[in-house]
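S.K.: Submitted below is the structure of interest, expressed as structure tokens.
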Amino acid sequence: MEDAAIVALFWSRDEDAIRQSQNKYSAMLLGISESLTGSRTDAEECVNDALLAAWNAIPPAKPEKLGAYFAKLVRRISISRYRSAHAEKRGGFLIETELTDAIPDSAQQDPAERELEKGMLTETVNRFLKELPQRKRVAFVLRYFYGKSVEEVAKETGMRTSNVKVTLMRTREALRKILEKEGLL
């Protein structure tokens, strides 16, 4: 079923929207969530939570790219679940730790300032990613959006593990420099 038809089901509050979404996207969403949470059981719960969040958000939301919409929801929910399950146990989320120097901490800002900076940060990161060569961009997105391990990134990109590590390190450093230059860090 096409995304537009599934969104129409959501808009008409037809529960078949959930079934059709599961049929089309559950494998992808489980993969994203499991790579972030490290648990199949947690991943299944996160996917269900993401579908419920979509049910509650559509309408008024009307996503054009349903797969990307679900991926963003399940990613946010999976990271939140991981953080709450591992709070204080391991010193934080691994991927978040890798990006600490490149992404600013907005915890001390007021909500309006934080929202403005979030928009500017998103725009800058998207522009940065568009300018990267495809292989570097794919490696970066696989690692920091989909939560894939370095080994999985290497396998999917055809790079050696050591090359992936160096590429990610250099890409993070380049992102940090751009964010500093634009006053976001």
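S.K.: Obtain the nm distance between the two label points defined at SER80 and SER149 by a simple spin-label model: each point lies 7 Å from its Cα along the Cα-to-C-beta direction.
M.R.: Each label point is offset 7 Å from its Cα along the Cβ direction, giving 2.8 nm.
S.K.: List the lysines whose Cα sits under 18 Å from the Cα of LYS24, skipping any in the same chain fewer than 8 residues away.
M.R.: Here the lysines satisfying the reach criterion relative to LYS24 are LYS62, LYS65, LYS72.
S.K.: A follow-up question, please. For each of PHE70, PHE140, PHE145, count neighbouring Cβ atoms within 10 Å of the residue's Cβ, then give the residues from fewest to most.
M.R.: Details: PHE70 23, PHE140 20, PHE145 15.
Listing PHE70, PHE140, PHE145 from fewest to most nearby Cβ atoms yields PHE145, PHE140, PHE70.
S.K.: What list of ³J(HN,Hα) couplings, whole Hz, do you get for the stretch 122-129 from phi and the Karplus terms 6.51, -1.76, 1.60, once you set θ to phi - 60° and write x for glycine and proline?
M.R.: Once θ is set to phi - 60°, the couplings for the stretch 122-129 become 4, 4, 5, 5, 4, 4, 4, 5 Hz.
S.K.: Using θ = phi - 60° and the Karplus curve 6.51 cos²θ - 1.76 cosθ + 1.60, what whole-Hz ³J(HN,Hα) does each residue of the stretch 66-75 get, with Gly and Pro shown as x?
M.R.: Coupling constants for the stretch 66-75: 5, x, 5, 4, 5, 4, 5, 4, 5, 5 Hz.
S.K.: For the stretch 1-65, which GluC sites (Glu not before Pro) are in a loop by DSSP, counting at most 12 other Cβ atoms within 10 Å?
M.R.: Numbers: sites: GLU2, GLU15, GLU34, GLU44, GLU45, GLU64; in loops: GLU2, GLU15, GLU64.
Filter output for the stretch 1-65: GLU2, GLU15, GLU64.
No lab work stands behind these numbers, since they all come straight from the coordinates. This one's a predicted model, so the numbers in the text were calculated from it and none came from an experiment. Positions of Cβ are generated from backbone atoms using ideal geometry, with glycine treated the same way; all protein chains shown enter the neighbour counts.
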